[in-house]
């Protein structure tokens, strides 16, 4: 089994992690502390354990990273936690000969806002690594990243492992 992995970057930005852990996790925290203060029997301890495990899974989800995996000459998009593979999805490379980085300007609304700026959004550059066929008529977005240097590392991985050619996307439909 010939497996090579490339862990790229976190799935969530810092404010999203805080939102997941505190805002969505607040009911779990409230239930856990409520159950701890009660006198619990065996069923109560089991319920407490279930809520603690659910909260731990939520925290682990907040710290997952996206990446790429080469397994037996097949490409997979992976979800990693602490450099360990959690989930993988096979990417079909049939008729895909090229790979390109498409740059987009995106914005993301914040999870909270202030009175001065109720529509607070943060602008950032997104770099989509896209698989292309030879005539550029078929595009498949592989992964979207926020750091161009990490994109170049991913492109080198794809060139080395799968023989894809890095191209500047300039379609010629003639």
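None of the figures in this text is laboratory data; all of them are computed from the coordinates on show. These figures come from a predicted structure and were not determined experimentally. We place every Cβ from the backbone using ideal geometry, glycine too, and count neighbours over all the protein chains shown.
The computed Kirkwood radius over Cα pairs in Å for the structure shown corresponds, within (1) 23.0; (2) 19.1; (3) 16.6, to (2). Highest mean first, the peptides 36-47, 79-90, 141-152 sorted by other C-beta atoms within 10 Å per residue fall in the order 141-152, 79-90, 36-47. Gain on full extension, evaluated as 0.36 nm per residue between residue 93 and residue 4 minus their Cα-Cα distance, stands at 30.3 nm.
Placing dummy labels 7 Å off each Cα toward the beta-carbon, the span from residue 125 to residue 45 is 5.7 nm. Computed from the C-beta positions of residue 153 and residue 15 and an R0 of 25 Å, the FRET efficiency is 0.50 to the nearest 0.05.
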